[in-house]
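The values are calculated or read from the model by the stated rules, or taken from the named source; none is laboratory data. Since this is a predicted model, take the numbers as computed values, not measurements. Ideal geometry is used to build each Cβ from the backbone, glycine not excepted, and the neighbour counts take in all protein chains shown. Ligands, DNA and RNA are excluded from the accessible area calculation, which covers all protein heavy atoms including side chains. Shrake-Rupley method; radii C 1.70, N 1.55, O 1.52, S 1.80 Å.
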Amino acid sequence: FLALMFATFTISLVFYGLTLSVNEQPGSVHLNSIITALAETPAYLLAAPLMGTFLGRKGTTGGALVIGGCAITLALVFQSAAVQMICLTIGKMCVTIGFATVFLSAAEVLPTEIRNTGMAILRVVDGLGGMLAPACLLLGATTCKAAPLLVFACVAFLSGVGFLLSVPETKDRQMA
């Protein structure tokens, strides 16, 4: 359950953090806003088919977080504004896939007796991640400009690895 909590917290933190950081990203703030918003549509369209493949729920959610964390890290490495925007867009798409799949995974993993309570706890943790996203962006103003993206990348990667290692796969299994 802790891995599910960490994943929902991370997904919300990174999703809203990347969305709110469009004015800090290289290039036009208007174009960045449009690209960031449009990146969600293919991510939501890919989420359900990916869960039905060999990846299952666990691989889709955890893999999306790992790939998203790596993409955000690559945005810190490259100096080209276009490459940075591509990497951040891929990161946002991956986290959006995680957003679309983590609650389904949670509902299938939690036993019937505690499913409602567990989902409510996950929604609270999700809200905490969303509330901390603007505070995390302030790190860039007070410390290093790359600090928020570094936090987003590390947390997403670690959360994805934790999800892959500890959450059971529920594809094609009876619910508890």
Hits for the chain under the membrane-span-like helix rule (DSSP H, Cα axial span at least 15 Å, Kyte-Doolittle mean at least -1.0) are 2-20, 40-52, 56-77, 81-109, 115-142, 147-166
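Based on the Cβ-Cβ distance of L132 and L38, what FRET efficiency does E = 1/(1 + (r/R0)^6) give at R0 = 30 Å, to the nearest 0.05?
After rounding, the FRET efficiency stands at 0.70.
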If you place +1 on the Cβ of every Lys and Arg, -1 on the Cβ of every Asp and Glu, and leave all else neutral, what size is the dipole of the chain about its Cα centre, to the nearest 20 Debye? 60
When the accessible area of the stretch 1-58 is split by element with a 1.4 Å probe, what percent falls to carbon and sulfur? 75
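In Å, what Kirkwood hydrodynamic radius results for the stretch 27-101 from the alpha-carbon pair distances?
12.5
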Rank-order 98-105, 15-22 by packing density, defined as the average count of other C-beta atoms within 10 Å over each peptide's residues, highest first. 98-105, 15-22
At 0.36 nm per residue, and after removing the present C-alpha to C-alpha distance, how many nm does the segment from C154 to F54 gain when stretched out fully? 33.4 nm
Fully extended contour minus Cα-Cα distance, from M119 to L104, at 0.36 nm per residue: 4.4 nm
How much length, in nm to one decimal, is gained on full extension between K145 and D172, taken as 0.36 nm per residue of separation minus their Cα-Cα distance? 5.2 nm
Just to confirm, what accessible area per residue do you get for the stretch 94-155 at 1.4 Å probe, in whole Å²? 48
Kindly identify the stretch 119-176 as rounded, prolate or oblate by the Cα gyration tensor criterion: order the square roots of the eigenvalues as a ≥ b ≥ c, call it rounded if a/c is under 1.5, otherwise compare a/b with b/c, prolate if a/b is larger, else oblate. oblate
For the pair Q79 and L20, what calculated FRET efficiency results from E = 1/(1 + (r/R0)^6), where r is the Cβ-Cβ distance and R0 = 41 Å, to the nearest 0.05? 0.95
Taking Cα pairs under 8 Å and at least six residues apart, what relative contact order does the chain come out at, in percent? 42
Rounded, prolate or oblate for the stretch 76-176? Axes are the square roots of the Cα gyration tensor eigenvalues, ordered a ≥ b ≥ c, and the cut-off for rounded is a/c under 1.5. prolate
